[in-house]
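The values are calculated or read from the model by the stated rules, or taken from the named source; none is laboratory data. The model shown is predicted, which means the values in this text are computed figures rather than measured ones. All Cβ positions, glycine included, derive from the backbone under ideal geometry; neighbour counts span all protein chains shown.
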Amino acid sequence: MYVAVKGGEAAIANAHSLLADRRRGDRSVPALRLDQIVEQLALGVDRVMSEGSLYDRELAALAIVQARGDMIEAIFLVRAYRTTLPRFGYSKPIDTGAMLVERRVSATYKDLPGGQLLGPTFDYTHRLLDPELAAGADVAEPLQRETEAQAMPRVSAILAREGLIEPDGEMPQDHVPGDITREPLEFPMARDIRLQALSRGDEGFLLALGYSTQRGYARNHPFVGEIRIGEVELELDVPELPFAAPLGTVRVTECQMVNQFKGSAKAPPQFTRGYGLVFGQSERKAMAMALCDRALRASELGEDIVAAAQDEEFVISHSDNVQATGFVEHLKLPHYVDFQAELDLVRRMRAEYEARENPTRVEEKREAAE
Amino acid sequence: MRGQEARDQAERKAAMATLAQSSGDDIVRLWNEAGLPSQAELLRGPETGLVTLRGRIGGGGAPFNVGEATVTRATVRLPSGQVGHCYALGRDKQKAKLAAIADALWQDPARRAEIETRLIVPLRSALATAQEKRRAETAATKVDFFTMVRGED
């Protein structure tokens, strides 16, 4: 017999209004505005855009407020929203070489065309909490320095001149870039699809895997060839215009990781590369992505697969925090019927076990019961 | 003739790029100051959708999909017949409609100069100023390496 159980509607409605109340908090404290979040929690907004896989600052800020600052919940909200919109098309590939650079550093070359530009970085800060910030002190305008606009070629292009580094990753001529938002994941997968998954992957997960490669689980001797952050122009080919429609600019972070490689049966000794490209100013994520991209190229480069970071199916299947949170968090939803069935099963197994281990006691029990 | 056509297209694209990069508020303000006409038949939109942003492996290799961005588009027809388009990042429908009208007016040889001088030139100069400020602020964080002289003489 199947008995449907209903209930909890009032409890759910009341829980949601309690959530709204707690989200707003003390009414004597001014409510947050979205522009305050966009301006002052910009890197949190960037993380939600990158892992939500949707470039829209205001929507990411709204998601952060709605989620009470729970980043994975905010990312979930953004992912859900993007499924409601029609798709206009695929942009032309962005040109990171033509970026309006706001930060650009290289750990492999001290003097390189365009120079080392630190930009708005946490590096070299002392990580001391700043009481003046708590008091809301005024902030001085940043200094400016007059310079000629200088071309800033990617470091990979400089290294390529010596022929000791592999070229930018090419795919076969007729290859159409895969899209994980349209087709289900299939393993093994091409590098372009892997990069799409990594770009929206969870920062913490990719960071831990990248770290594991540095600690010796699939060690791959990385150097930061270059990190650059800045705005690039976006264009879209549309049938109604005789040229690509200019859409405006987006801020991205690019990481070129350069890895020493002693050679294998498949490739000669050279520098190999890992690549990271992420929405917004998301340097740690771009670096982690580049480390994972390189580790996941193990079979392409003829390396032994010995560690988690090299296992494509393991990494890509678990990198999406919306999928991960969905499956983990579903465990708290009612499983009453499943559990009753399991309870019944365990009772029977326990009875059989006891009958086997201790036949006399079971016999005594039965007699006592009678 | 082909040269002229190519130049026109490049100028039209540059005007559309300026409109796409400018804020809706700036466009509305200049629009009202110049008293530009906002009557036009909406042929499509304004509507918001997604464009999937592509990068290249290693920066210059094969294309791959990075993620999506919100884009709002509009297509309008002027009473004089010109059809204008706008595609711009974000969800500002008013901006998309005005930018599409601006594109249509730009194609009318009698209105082009007015659109350029009253709308595009001031927007472009504001964008250039902001860009130059950002470049100069970044330049101030450039590392100037120097060599320490060690030991004596």
- request: Give the residues of segment A:125-147 that are loosely packed, with under 10 Cβ neighbours inside 10 Å and within 11 Å of chain B (Cβ to nearest Cβ), sorted by residue number.
  value: A:Glu141, A:Glu146
message: Give me the residue from segment B:99-119 that is out of contact with any strand residue (DSSP E or B) (no Cβ under 8 Å at 6 or more places or on another chain) and among the hydrophobic types (A, V, I, L, M, F, W, C) and, out of that set, surrounded by the most Cβ atoms within 10 Å (Cβ to Cβ).
response: B:Leu119
task: Considering only segment A:92-118, state which residues are part of a loop (DSSP other than H, G, I, E, B) and under 21 Å from B:Gly67 (Cα atoms).
output: A:Lys92, A:Pro93, A:Ile94, A:Asp95, A:Met99
statement: Screening B:Leu123, B:Leu119 for residues that are more than 13 Å from chain A (Cβ to nearest Cβ), farther than 18 Å from A:Arg145 by Cα, touching a residue at least 24 places away in the same chain (Cβ under 8 Å) and under 13 Å from the mean Cα position of the chain (by Cα) leaves only B:Leu119
- request: Kindly list the number of the only condition in (1) closer than 25 Å to A:Leu41 by Cβ; (2) in contact with a Gly (Cβ under 6 Å, 6 or more places away or on another chain); (3) within 8 Å of chain B (Cβ to nearest Cβ); (4) buried (at least 21 other Cβ atoms within 10 Å of the Cβ) that fails for A:Val78.
  value: (3)
field: Tally of residues being under 13 Å from the mean Cα position of the chain (by Cα) and surrounded by fewer than 21 Cβ atoms within 10 Å (Cβ to Cβ) across segment A:284-298
entry: 1
message: If A:Ile229 meets every condition in (1) more than 8 Å from every other protein chain (Cβ to nearest Cβ); (2) within 30 Å of A:Asp111 (Cβ to Cβ); (3) crowded, with 16+ Cβ neighbours inside 10 Å; (4) in contact with a Leu (Cβ under 9 Å, 6 or more places away or on another chain) apart from one, which number is that one?
response: (4)
task: Within segment A:299-308, identify whether any single residue is of a type in the set (Val, Ile, Thr), in contact (Cβ under 8 Å) with a residue 24 or more places away in the chain and buried (at least 20 other Cβ atoms within 10 Å of the Cβ), and answer yes or no.
output: no
query: Yes or no: B:Gly67 assigned to a loop (DSSP other than H, G, I, E, B) and either within 30 Å of A:Ser53 (Cβ to Cβ) or within 11 Å of chain A (Cβ to nearest Cβ) (or both)?
result: no
- prompt: Mind checking whether some residue in segment A:86-93 is at pLDDT 95 or above, surrounded by 10 or more Cβ atoms within 10 Å (Cβ to Cβ), of a type in the set (Gly, Ala, Ser) and on the phi < 0 side of the Ramachandran plot?
  reply: yes
task: Can you confirm whether segment A:259-272 contains a residue that is part of a strand (DSSP E or B), within 8 Å of another protein chain (Cβ to nearest Cβ), modelled with pLDDT under 95 and within 25 Å of the chain's Cα centre (by Cα)?
output: no
field: helices (runs of 4 or more DSSP H) lying entirely in segment B:73-147 (those with 3 or more residues that are among the charged types (D, E, K, R))
entry: B:93-107, B:121-139
message: Based on this model, can you work out whether A:Ala160 counts as within 23 Å of B:Lys133 (Cβ to Cβ), more than 9 Å from chain B (Cβ to nearest Cβ) and either touching a Cys at 6+ places or on another chain (Cβ under 9 Å) or small (Gly, Ala, Ser) (or both)?
response: no
